[in-house]
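Here it is, the structure, as structure tokens.
The values are calculated or read from the model by the stated rules, or taken from the named source; none is laboratory data. On a predicted model such as this, the values are computed, not experimentally measured, just so you know. Backbone-built Cβ (ideal geometry, glycine too); neighbour counts: all protein chains shown.
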Amino acid sequence: MGSAIPERISAAVPNATIPAAAGSASVSASIGRGWRLLGALLMTLALGTLYAWSVFVAPLEAEFGWKRAQTSAVFTIAVLMFASSFILAGRLQDKFGPFWVAVTGSVLVSAGFLLCTFTYSLPYLFVCYGVLGGIGNSFGYSTVVPVIAKWFPDKRGLAVGLALAGYGGGSAVFGPIANLWMIPHLGWRATFAAFGLILLVMTMTGAFLLRNPPEGYKPNGWTPSARRHEQSAHEFTPGEVLRTPSFYLMWCGFGFGSTAGLMVISQLVPFATSQGIPGAALATLGLVVGALGNVSGRILSGWISDALGRLNTLRVILVIATAAMPILYKVGANVAALYVMVFVVYFCYGAQGAVNPTTVADFWGMRNAGVNYSLLFTAWGVAGTIGPTIGGVFFDRYKNYEAAFYAASLLAGVALACELMARRPRPRSIGVSPPPASPTAASPTARFG
């Protein structure tokens, strides 16, 4: 490779040789797969700025006199649009390939930030940040997992975890820059404009790097095995996925687990404030400790799942989450202990976001991985909508955070039960005869994009 950066990224996942007869293989094979991973990281890091919304809340409220419920609705709309458009984005990705879908996401999310510069009313902000930003995130994000899973069938969990780490770290990178320097010196309008241009460059670069490998691709020296976390030999269609009991168990596991995490995460700052945690420590709590936990959870859980198996990794993560949430409540007044437990909660939350898409690719095949994962991702959309709300309702009712944290632990336990019951789907369970086993049965096949 011509650059040291992709070499470091792909050190654990070396490049591969692509068969010369693979049609347009020369286009996709002209650069190493480490560049594909770099493109995915650029895409997710840029899209993760959606979660830096909180840095704009105070200046917007100060200028327009809006209430917190009104500004919070902006982010809620973005999450809803992200989740609701993800199925369409996933289907388009599977049908036409990742490039134009990623470009569409790049244009939409960048335009959303740039147009926010001219904000004059709340409905205008709903459209620019909520609708354009949410749909743009959906289209960009939908391309990352299918592309990286196809390029790295040998270490799929680690590669997908690395790619999605950017989404967990985007707000941690751009949030402090905006909050501590850009908004105080340039103003929120110029900050929106600068973010729009930065996101355009990052996501467009990512879109040009996110191309599918040719059919029959496999890394050098790698032979598909029959291990239980390898890819299904049958390529499940979305309709077939919805006929497998495992989908509903995993949907509930992902949904309850994410709801539990968001119930606690959404209440962390007010909870820490109520425990007398100093203001400087509060800033570190969310921007540094939480981000490190989220990113670490995505990367390490992906790596662990390659060895331990996808479902086993999810089960371990949910066991830890079930125990961590009550402990977090108990140690809330101790800054050091609070930091440790916040890291653990974010770790578990990020881990679910990384292992679930890899599980979809393994269980139901790569051909329809985009739309199949989008079906499972609706669980996160529900969690992102109701999780913070439930946490707030518990506080309003009981006037403390104990009920919310223990309820979150209970939900994590329910998610664990669902994952314990889930099993790798078998084609015969839906009346489909699997194809004869072959040495390349587990090798991903893909449309070019």
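Which residue out of 138, 110, 106, 142 is more than 19 Å from residue 52 (Cβ to Cβ) and either of a type in the set (Ser, Thr, Tyr) or touching a strand residue (DSSP E or B) at 6+ places or on another chain (Cβ under 8 Å) (or both)?
Just one listed residue meets the conditions, 142.
Check the range 298-315 and report whether any residue there is without any contact (Cβ under 8 Å) to a residue 12 or more places away in the chain, within 28 Å of residue 163 (Cβ to Cβ) and not hydrophobic (A, V, I, L, M, F, W, C).
yes
For the range 188-227, give me each residue that is in contact (Cβ under 8 Å) with a residue 60 or more places away in the chain, in contact with a helix residue (DSSP H, G or I) (Cβ under 7 Å, 6 or more places away or on another chain) and among the aliphatic types (A, V, I, L, M).
Scanning the range 188-227 gives 193, 199, 200, 202, 204, 207, 209, 210.
With the condition kept exactly as written, say whether any residue in the range 73-91 is in the same structural domain as residue 158 (by TED's automatic domain parsing), under 30 Å from residue 222 (Cα atoms), at pLDDT 90 or above and not polar (S, T, N, Q).
Looking through the range 73-91, at least one residue is in the same structural domain as residue 158 (by TED's automatic domain parsing), under 30 Å from residue 222 (Cα atoms), at pLDDT 90 or above and not polar (S, T, N, Q).
Anything in the range 61-78 that is assigned to a loop (DSSP other than H, G, I, E, B) and among the charged types (D, E, K, R)? List them, or say none.
Start the filter on the range 61-78 by keeping residues that are assigned to a loop (DSSP other than H, G, I, E, B), which leaves 65-67.
Matches in the range 61-78: 67 only.
Search the range 137-179 for residues being buried (at least 24 other Cβ atoms within 10 Å of the Cβ) and without any contact (Cβ under 8 Å) to a residue 60 or more places away in the chain, and hand back the single one that is farthest from the chain's Cα centre (by Cα).
Looking at residues that are buried (at least 24 other Cβ atoms within 10 Å of the Cβ) and without any contact (Cβ under 8 Å) to a residue 60 or more places away in the chain, I get 139.
Here is a follow-up. Any chance the range 140-163 includes a residue that's in the same structural domain as residue 45 (by TED's automatic domain parsing), within 30 Å of residue 66 (Cβ to Cβ), part of a helix (DSSP H, G or I) and among the polar types (S, T, N, Q)?
no
Among the listed residues 21, 16, 25, identify the single one that is at negative phi and either at pLDDT 50 or above or out of contact with any Asp or Glu (no Cβ under 9 Å at 6 or more places or on another chain) (or both).
Matching residue, one of 21, 16, 25: 21.
Something else: Examine the range 94-103 for a residue that is crowded, with 19+ Cβ neighbours inside 10 Å, on the phi > 0 side of the Ramachandran plot and assigned by TED's automatic domain parsing to the domain that holds residue 49, and state whether such a residue exists.
Yes, because at least one residue in the range 94-103 is crowded, with 19+ Cβ neighbours inside 10 Å, on the phi > 0 side of the Ramachandran plot and assigned by TED's automatic domain parsing to the domain that holds residue 49.
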